[in-house]
1. So in region 12-32, with the set limited to residues that are among the hydrophobic types (A, V, I, L, M, F, W, C) and either surrounded by fewer than 14 Cβ atoms within 10 Å (Cβ to Cβ) or within 16 Å of ligand 2 (Cβ to nearest atom) (or both), which one is nearest to Lys60 (Cα to Cα)?
2. When both residues are 6+ apart or on different chains and their Cβ atoms are under 6 Å apart, which pairs have a first residue that lies in region 34-57 and is over 15 Å from Leu8 (Cα atoms) and among the charged types (D, E, K, R), and a second that is outside any strand (DSSP E or B) and within 15 Å of ligand 3 (Cβ to nearest atom)?
3. Would you please name the residue that is nearest to ligand 3 (Cβ to nearest atom), looking only at residues in region 175-217 that are under 16 Å from His230 (Cβ atoms) and of a type in the set (Gly, Ala, Ser)?
4. Looking at region 306-327, I want the residues that are under 19 Å from Pro249 (Cα atoms) and have a partner that is among the charged types (D, E, K, R) and assigned to a loop (DSSP other than H, G, I, E, B) with Cβ atoms under 6 Å, at least 6 apart or on another chain. Which pairs are those?
5. Read through the list (1) surrounded by fewer than 24 Cβ atoms within 10 Å (Cβ to Cβ); (2) without any contact (Cβ under 8 Å) to a residue 40 or more places away in the chain, then give the number of the only condition that Pro249 fails.
6. Of all helices (runs of 4 or more DSSP H) completely enclosed by region 99-187, which ones contain at least 3 residues that are surrounded by 20 or more Cβ atoms within 10 Å (Cβ to Cβ)?
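Rule-based calculations on the coordinates, nothing more; no lab input. Keep in mind the model is a prediction, meaning the values are calculated, not measured. As a convention, Cβ positions derive from the backbone with ideal geometry for all residues, glycine included, and neighbour counts pool all protein chains shown.
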Amino acid sequence: MTDILLELDHVARYFDVSPPWLNRVLERRGRVILKAVDGIDLAIRKGETLALVGESGCGKSTVARVIVGLYGPTRGSVRYQGVPLAGEGAITDGRRLRQTRRGMQMIFQDPYASLNPRWRVADIVAEPLRAHSPELSKAKLDARVAALLAQVGLAAADGSKYPHQFSGGQRQRISIARALSTNPAFLVCDEPTSALDVSVQAQVLNLMRDLQRTLGLTYLFISHNLAVVHHIADRVGVMYLGRLVEVAPTHELFAHPQHPYTRMLLDAVPDLEMTGKARTAVAGEVPNPLDPPSGCTFHPRCPNADERCRREPPRLRPSAANGGEAACHAVAEGRLPPRTIALAVA
Ligand SMILES: Nc1ncnc2c1ncn2[C@@H]1O[C@H](COP(=O)(O)OP(=O)(O)OP(=O)(O)O)[C@@H](O)[C@H]1O
Ligand code: SF4
Ligand SMILES: [Mg+2]
């Protein structure tokens, strides 16, 4: 028995962002391909929370969307509970595909946009259940919706209201109830608390943690907020321009970051209690993803770059210093300077 719930093998997702055909012909321009995700290997274990972090546009949401099937992978494969769901070798049995996919659900950043404003909350929460189990009687459906609302800290009477009658935090609770309606084992959460005030954010995060404990859930948790990630994640994956550059257990990553980009991100965190100002700004601009730098795509911003870095893309390799993996020549060659800023880990 394996304890791996989800596996990504060399997953890539490209977008064709070419100008229209006529413009290309008249202006003699070729196709333009944006490599939003460019070869990710990742395994998520049952019951863990794996966080994905990285600057805007590095491909976090695209990874999430490929996992839940909203986008097909351009290359590579996605396996859930050992079943190849997408990409190379994917199963074609539609029924089995739907059944397996029912095990994973996604929660989005903006609960208002993802909840139909014209529907009552009870119908919003019941919708995935209706789709997956049309044989359920109305009485059973109502009972299940009431139980789900209670599970996320809402009253059964809230089911007859509309989304606009709730606060942002309550709306995110509704999204969670809806996501849980089909009894999933795996939740993909894309910035689920980023739109919320800090105090409300903490309540929703605590709810997610409680649900994980009682229901044995596994989370992929996407956030640009490292304090939140420190609070909730067991492991962290750091992405840069469509690739994973470091993956390590959370406490190890915060205490002993290896990759220069991870160090840069952590140096910009004020402290993990979210007070005060950033000590160092994240230096440099993210390169244009349509024209990524050669070799290690981080090299124009990296204080440790050398000739090899400009030439040869580094691969993820085990890094003994934090029990994780890092994609960096300097780490592999043991020429990374010691880290000077130590985070005050609360
Ligand atoms: N449907 C699409 N068509 C074309 N390009 C896209 C599409 N979706 C994403 N991209 C591009 O792919 C790259 C990765 O985008 P993605 O939304 O995955 O990043 P992200 O890490 O989630 O960013 P953020 O933190 O801002 O949410 C970006 O350059 C984005 O512009
Ligand atoms: S491979 Fe080179 S450029 Fe890339 S992060 Fe490591 S040291 Fe910096
Ligand atoms: Mg995103």
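1. As a first pass, look at region 12-32 and keep what is among the hydrophobic types (A, V, I, L, M, F, W, C): 12, 15, 17, 21-22, 25-26, 32.
Next cut, either surrounded by fewer than 14 Cβ atoms within 10 Å (Cβ to Cβ) or within 16 Å of ligand 2 (Cβ to nearest atom) (or both) only: 17, 21-22, 25-26, 32.
Details: Val17: 19, Trp21: 30, Leu22: 33, Val25: 34, Leu26: 35, Val32: 21 Å.
Among those that are among the hydrophobic types (A, V, I, L, M, F, W, C) and either surrounded by fewer than 14 Cβ atoms within 10 Å (Cβ to Cβ) or within 16 Å of ligand 2 (Cβ to nearest atom) (or both), it is Val17.
2. Lys35/Gly242; Glu55/Val286
3. Ser194
4. Close Cβ pairs (under 6 Å, with a partner that is among the charged types (D, E, K, R) and assigned to a loop (DSSP other than H, G, I, E, B)) amount to Ala327/Arg315.
5. (2)
6. 121-132, 138-151, 168-180
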